[in-house]
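*Asks:* Dropping a structure here in structure tokens format, bear with me for questions.
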Amino acid sequence: MLPNPQLNQHGELQHLLTIEGLPKEVLTHILDTAASFVSVSDREVKKVPLLRGKSVFNLFFENSTRTRTTFEIAAKRLSADVINLNIAASSTSKGESLLDTIDNLTAMQADMFVVRHAQSGAPFLIAKHLRDTGREHVHVVNAGDGRHAHPTQGLLDMYTIRHYKHDFTKLKVAIVGDVLHSRVARSDIHALVTLGVPEVRVIGPHTLLASNLEQMGVRVFTDINQGLKDVDVIIMLRLQNERMNGALLPSAQEYFKSYGLTPERLALAKPDAIVMHPGPMNRGVEIDSAVADGSQAVILPQVTYGIAVRMAVMGILGGS
Amino acid sequence: MLPNPQLNQHGELQHLLTIEGLPKEVLTHILDTAASFVSVSDREVKKVPLLRGKSVFNLFFENSTRTRTTFEIAAKRLSADVINLNIAASSTSKGESLLDTIDNLTAMQADMFVVRHAQSGAPFLIAKHLRDTGREHVHVVNAGDGRHAHPTQGLLDMYTIRHYKHDFTKLKVAIVGDVLHSRVARSDIHALVTLGVPEVRVIGPHTLLASNLEQMGVRVFTDINQGLKDVDVIIMLRLQNERMNGALLPSAQEYFKSYGLTPERLALAKPDAIVMHPGPMNRGVEIDSAVADGSQAVILPQVTYGIAVRMAVMGILGGS
Amino acid sequence: MLPNPQLNQHGELQHLLTIEGLPKEVLTHILDTAASFVSVSDREVKKVPLLRGKSVFNLFFENSTRTRTTFEIAAKRLSADVINLNIAASSTSKGESLLDTIDNLTAMQADMFVVRHAQSGAPFLIAKHLRDTGREHVHVVNAGDGRHAHPTQGLLDMYTIRHYKHDFTKLKVAIVGDVLHSRVARSDIHALVTLGVPEVRVIGPHTLLASNLEQMGVRVFTDINQGLKDVDVIIMLRLQNERMNGALLPSAQEYFKSYGLTPERLALAKPDAIVMHPGPMNRGVEIDSAVADGSQAVILPQVTYGIAVRMAVMGILGGS
């Protein structure tokens, strides 16, 4: 196996590209660091000077105001200078290549790139290019690439689970929905397995399940009632609009009937099970409003922990 | 009458949603606070640390670069972290509801929302939701909602009038133009009445006057020459482009002929009358350039005081 | 000759509008100041407090993410508050004139405008208006106006040449490409002549050469092989997409065949000649990738020096 391109020769985090292959110690270190930032966000003055004078570029080749906002807030609370670049609308329209853009921004003394890209592997390509050109001091954070990975979402999900359930090694966790197209699902599965969760389940229709799921160490269910039985954690996935009336699904109504999380279905899980969702929710499609706003939902705490986790990742990468 | 949702149980400003119903003491406190910030903006270093570490979100569901810029500058001069969200182009396109967006941003530890929305009442809805969910510590500033209110514009107009005329209780003030569609007019009228202006006049064609104006305590004129007679203050309203060739008005040229503020008409007012306009002006439509650039115009000082007033509002809400 | 509108009565830089007519001492002072900022950008904390509390407005009437980003970074490293305004999409659509926009932003206590505009002369118009209205304390930096000038690009090119070649008075410099439409070429030629370069050459097809080039003190070549002979510095220009299939040029392929910088052509220059390009590059059109990525290219250092030069210009203008 090749050495993990995310770690330097001392085993320290150099980039955050994917959770796959990250050692448990690295994941735990990020979660522990995030815990210290949860309290920062609660203070009157929500700033620490860890990245003061550092230049963080939000490179969004694919539009996502919500994710970009979380990274922007996290970077500003670390006192970084943040530059938002919506690249779809700019230099690529002048025919400049991805790597020429990176070279240019690096020449402006960028310290960190937060990259969102519709193509799987784009953040890897950038990290490799930085190494090949001797600029390992510039860091890359993957903010979602194609169907591949969304590691900070995975980490904030782990933070949330650890906060409510404490011990990963005793849990049954179910991931429900469009697993096939979900980078969130992929990142969660890798993290859950690495952190020692003994039973990870995925639940969804045949058409939305990936073929390699069992190799990833998960149990597959097409019947949500069976799949939710006795689980401690339910992670709902967002159903992308473009799937709803396509070939893979009959309709949003049908989907809700078969896989929507209702109070009745939630009752099949353990009584203290928590319900998570990466947002934005499609109420009445993958989740009933009674559940989304109910006492077992921890969807808003996920958002709060997401800021802390992103501060932790950026602080670990850029603050040393 | 219900208690004012903008004030907390100690009568302190909790949100700024509308001028309607705000006690004179609250208005005067904002204007007095703004006076201290006028001098800040004149200093070499135009910053005070009042909102350091606070996160202010500019939520613009309706595009308005000019207004957004004034709030952004005001927040930055208070040392806040400012996040601009052009929501029209973002999460609502993913089908997320207004209140889900608010819940999410609140979970990111937002301290203040500056809200611009095409629908009247949206900022009230947000404030109510924050109270209903126990998050009264998050503040809402209405930056213009539909035809309803634009309270910071009303306050900066009052600041300007007080600066030039000192005593509200001796003034005749005329508001000229499309009163029917104007949130500025509505906010100004409430403020003028509360601050004790004995004679508020509105001037415009029948088709652009609201039916309830006389209940609001104003005198209505359709003849501008009569309406301007002996006034101390003239507040011109912007004629929206979409009205100009519509059913309500024959044409921009006709409008100017009947209601445009020319030097001749201005001469009907008191010799030391001031001319105000919320901007951006349509020169040659509602106002002649000779007046807009003349010695009685205080249109640019309005802009300057607008920054100070917004600093005051945000400082009072978030700085305590 | 009229006094230079860029200088105040003490001969100090008041605005940066064009390199034409700027004395050698002023150019040299900017380059010397930039040298001190190159080291700032290398430090852990890349900030100096020179513009703390100052409000810098990036007024981009023409979209250019790359140039806007360089000014934004430069201003933030000087600790300024930066407001980005994409004016194409905002108030001009409400029919507000350029000078009304400037008046408004000045009333918000703007300290500096960085202006990009498709029309030649727009920054001059703004500077003149500021002087005519008694607001000389507000500074204007031209970030590219039409075909006229791009002075900070010219300055960063001079910084780069001085860094690698030390003495301007012994150099042969060739500018290659679409000189006719290039504000970069015009700014470079003025700077090179002022700084004492004895031989400035321009190389391009007849259709892309301006008629007044020889009056500007340059030698004109249509044969690139002759033009590159023994030069110390090669400045490649970007071929605008809109020229490529138009009346002025047969095709991008043909252009590359006649004027593309290949390793073979580069070998005609001095062995230690440097290759420059303002970016973004059209690889395979005006420049071969082997040259762009080769050992003689200083294209990325240009970007780095560009930040320092912009910090210098803004620091000199606003920091006094």
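*Asks:* In degrees, nearest 10, range 0 to 90: what is the angle between the Cα axis of helix C:122-132 and the longest Cα principal axis of chain C?
*Replies:* 30
*Asks:* Considering every residue in C:64-76, what mean count of other chain Cβ atoms within 10 Å of its Cβ is obtained? Provide the component values of the computation, followed by the final result.
*Replies:* Numbers: counts 3, 11, 9, 0, 3, 9, 4, 0, 6, 8, 1, 1, 6.
Taking the mean over all residues of the peptide, I get 5.
*Asks:* Continuing with the same structure: Give or take rounding to whole Å, what are the principal axis extents of the alpha carbon atoms in region C:219-282, in descending order?
*Replies:* Principal-axis extents of region C:219-282 (Cα, largest first): 35, 23, 22 Å.
*Asks:* Related question: Provide a whole-number value for the mean count of partner chain Cβ atoms within 10 Å of the Cβ atoms in peptide C:79-85.
*Replies:* Across C:79-85, the average partner-chain Cβ count within 10 Å equals 5.
*Asks:* On alpha-carbon atoms, Rg over Rh for chain C using Kirkwood Rh? Display every interim value, and only then the final one.
*Replies:* Working: Rg = 19.4 Å, Rh = 20.1 Å.
Result for chain C is an Rg/Rh of 0.97.
*Asks:* If you don't mind, another one. So what's the angle, to the nearest 10 degrees on a 0 to 90 scale, between helix A:299-318 and the longest Cα principal axis of chain A?
*Replies:* It is inclined by approximately 30 degrees.
*Asks:* For the rotation taking C to A, I'd like to know which residue in chain C has the C-beta closest to the axis, plus that distance in Å.
*Replies:* C:84, 5
*Asks:* Here's a follow-up. If N is the number of residues in region C:256-302, what value comes out of its Cα radius of gyration divided by 2.2 N^0.38 Å? Provide the component values of the computation, followed by the final result.
*Replies:* Working: Rg = 9.9 Å, N = 47, 2.2 N^0.38 = 9.5 Å.
Region C:256-302 yields a ratio of 1.04.
*Asks:* Continuing with the same structure: Under a 5 Å amide H to amide H cut-off, with H placed in plane at 1.01 Å, what residues pair with residue B:139 once short-range neighbours are removed?
*Replies:* Excluding prolines and chain starts, which carry no amide H, the hits are B:112, B:113.
*Asks:* Continuing with the same structure: Quick one: work out Rg over Rh on the C-alpha atoms of region B:1-156, Rh as Kirkwood radius. Present the calculation step by step, with values, prior to reporting the outcome.
*Replies:* Numbers: Rg = 15.4 Å, Rh = 16.2 Å.
Computed over Cα atoms, the ratio is 0.95.
*Asks:* Please compute the volume of the convex hull spanned by the alpha-carbon atoms of region B:151-299 and report it per residue in Å³.
*Replies:* 94
*Asks:* Further question: Take every Cα pair under 8 Å in region C:65-166 that's 6+ residues apart, average their separations, divide by the length, and report that relative contact order as a whole percent.
*Replies:* 22
*Asks:* Give me, ordered by chain and number, the residues 5 or more places off residue C:221 or on other chains with an amide H under 5 Å from its own placed amide H.
*Replies:* C:202, C:203, C:204
*Asks:* List, shortest first and in nm to one decimal, how far the label point of residue B:132 (7 Å from Cα along Cα→Cβ) is from its counterparts in the other copies.
*Replies:* Going from nearest to farthest copy, the values are 5.5, 5.5 nm.
*Asks:* Over region A:76-165, consider all pairs of different Cα atoms and compute the Kirkwood hydrodynamic radius from their mean reciprocal separation; express it in Å, one decimal. It would help to have the intermediate numbers written out before the result.
*Replies:* Working: mean 1/r = 0.0686 Å⁻¹.
Evaluated on region A:76-165, it is 14.6 Å.
*Asks:* Follow-up. How far is residue C:196 from itself in the other copies, in nm, if each label sits 7 Å out from Cα along the Cα-Cβ line, shortest first?
*Replies:* 7.3, 7.3
*Asks:* Within chain C, how many Lys pairs sit with Cα atoms under 17 Å apart, leaving out pairs fewer than 8 places apart on the same chain?
*Replies:* Summing the qualifying lysine pairs gives 10.
*Asks:* Next question. Nm distances between the label at residue A:284 and the same-position labels in the remaining copies, 7 Å along Cα→Cβ, shortest first?
*Replies:* Reported distances to equivalent positions: 5.0, 5.0 nm.
*Asks:* Next question, about the same structure. I need the phi-derived Karplus couplings for region B:49-66: 6.51 cos²θ - 1.76 cosθ + 1.60, θ = phi - 60°, integer Hz, Gly and Pro marked x.
*Replies:* x, 4, 10, 4, x, 8, 10, 9, 9, 8, 9, 9, 7, 10, 6, 7, 4, 4
*Asks:* How tilted is helix C:24-42 with respect to the longest principal axis of chain C? Cα atoms for both, answer in degrees (0 to 90, nearest 10).
*Replies:* So the helix axis and the longest Cα principal axis differ by about 90 degrees.
*Asks:* Under the definition of partner shielding as Cβ atoms of other protein chains within 10 Å of a residue Cβ, what is the mean value for peptide B:107-115?
*Replies:* 4
*Asks:* Another question about this same structure. Taking amide H atoms as placed 1.01 Å from N in the peptide plane, list the residues 5 or more away in sequence, or in a different chain, whose amide H sits under 5 Å from that of residue C:146.
*Replies:* Result for residue C:146 returns C:117, C:118, C:119, C:120.
*Asks:* In what sequence do B:165, A:54 fall when counting other Cβ within 10 Å, fewest first?
*Replies:* B:165, A:54
*Asks:* I've got another one for you. Please list, in order, the residues from region C:41-69 whose amide nitrogen is less than 13 Å from a point placed 7 Å along the Cα→Cβ vector of residue C:119.
*Replies:* Within reach of a label on residue C:119: C:61-62.
*Asks:* I've got another one for you. Cα convex hull of the protein assembly as shown: mean projected area in nm², to one decimal? Please list the in-between numbers first.
*Replies:* Numbers: hull surface 169.0 nm².
Value for the protein assembly as shown: 42.2 nm².
*Asks:* For region B:244-320 and region B:117-167, compute the distance between their C-alpha centroids and round to whole Å.
*Replies:* Centre-to-centre distance over Cα atoms comes out at 21 Å.
*Asks:* Mind sorting C:286, B:62 by how few other Cβ atoms lie within 10 Å of their own Cβ, fewest first? Before the final figure, lay out each step's value.
*Replies:* On the way: C:286 22, B:62 18.
Going from least to most buried by this count: B:62, C:286.
*Asks:* Rank by packing, highest mean first: peptides A:23-36, C:268-281, with packing defined as the count of other Cβ atoms within 10 Å averaged across residues.
*Replies:* Per-residue mean Cβ counts within 10 Å order the peptides as C:268-281, A:23-36.
*Asks:* In addition: For region A:144-226, what Kirkwood radius comes out of the mean inverse Cα-Cα distance, in Å?
*Replies:* It works out to 12.8 Å.
The numbers here are math on the coordinates, done by the rules we state, and not lab data. Just so it is clear, the structure is predicted and the values come from calculations on it, not from any experiment. Reconstructed Cβ throughout: ideal geometry from the backbone, glycine too, with neighbour counts over all protein chains shown.
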